[in-house]
Amino acid sequence: MTKRYHMQTERLKKMILHLTAMVEENLRAAVKAITERDVDLAAAVVAKDDEIDQYEVEVEEEVLKILALYQPVAIDLRFIIAVLKINNDLERIGDLAVNISQRAAALGRTHKRVPVPFDLAEMLRLAVDMVRRSSDALVAMDPQIARRVLIEDDDLDDLRAQAFTAVREKIAEQPDAVEYLLNLLSVSRNLERIGDHATNIAEDVIYMVEGDIVRHRGNDV
């Protein structure tokens, strides 16, 4: 490949890392909005999503331009395809952060509140940690870091199942708090989906580095 091609792929790498940082920052803000019931911060997360969406489009356009101009093959093509997929997963994590922020705003406005009946703090920690680790794996091109994300995803899935059961039981006990509890359940569902997208990114890092497709294998990777 030409020197110009390598310059453009380096630019693409910097762009996807920048998008990763933007998404992670907005997710952390969404988590803070939930934990502090901060309606203003929740609104700021929603507003920031337009910038993330626009940058995601720019990354995709850069990918398509490289594919059209250079028609890369082998490891170069693997990198380009992985970036395109990671780009999409990052945009979806950004959307889910917005969903969480909207639930934060709703929770902040709800008058009837009850103690959170599941380990929301641990779910928040795991989701943020998975996004951070998938980002670290991408920066370092480290499949071992990526594999750690796959393990954490199982933990997050278990917590989501526990949340569903706990909320269902609490609604039966306190039906007057159903709106508040359903908003909490929605947060847990969005956190689980964030974990799924972080897992996708981790799997794509493994694919980029090793050429190994590990989807659907669970922890046996």
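Grab the DSSP H runs of the chain that are 4 residues or longer, score each as -39,500 (n - 2.57), total them, divide by all residues and round the 222 nm result to the nearest 500 deg cm²/dmol.
The helix-only estimate for the chain comes to -30500 deg cm²/dmol at 222 nm.
For the chain, just the Cα set please: Rg and Dmax, both in angstrom.
Every Cα atom of the chain included, Rg and Dmax give 19.0, 67 Å.
Suppose every Lys and Arg Cβ carries +1 and every Asp and Glu Cβ carries -1, with no other charges. What dipole size does the stretch 26-183 come out with about its Cα centre, to the nearest 20 debye?
Its charge dipole is roughly 380 debye.
Could you give the DSSP H helices of the chain that reach 27 angstrom or more along their long axis (alpha carbon positions) and whose average Kyte-Doolittle hydropathy is no lower than 0.0?
39-70, 74-109, 120-140, 178-210
With the other protein chains left in place, how much accessible area per residue, in square angstrom, belongs to the chain at a 1.4 angstrom probe?
With all protein chains present, the chain gives 48 Å² per residue.
Too long at a 32 Å Cα-Cα cut-off: which of Lys48/Lys85; Lys3/Lys32; Lys85/Lys112; Lys3/Lys48; Lys48/Lys112?
Exceeds cut-off: Lys3/Lys32; Lys85/Lys112; Lys3/Lys48.
With every protein chain present, what accessible area does Thr35 have (1.4 Å probe, heavy atoms only), rounded to the nearest 10 Å²?
80 Å²
In whole angstrom, note down how far apart the Cα centers of the stretch 69-128 and the stretch 15-39 are.
Their Cα centres are 9 Å away from one another.
The values are calculated or read from the model by the stated rules, or taken from the named source; none is laboratory data. The structure displayed is predicted, hence computed values, not measured ones. For neighbour counting, all protein chains shown are included, and Cβ atoms are generated from backbone atoms with ideal geometry for every residue, glycine included. The protein model used for the area step is the full one, side chains on, heavy atoms only, and it has no ligands, DNA or RNA in it. Shrake-Rupley method; radii C 1.70, N 1.55, O 1.52, S 1.80 Å.
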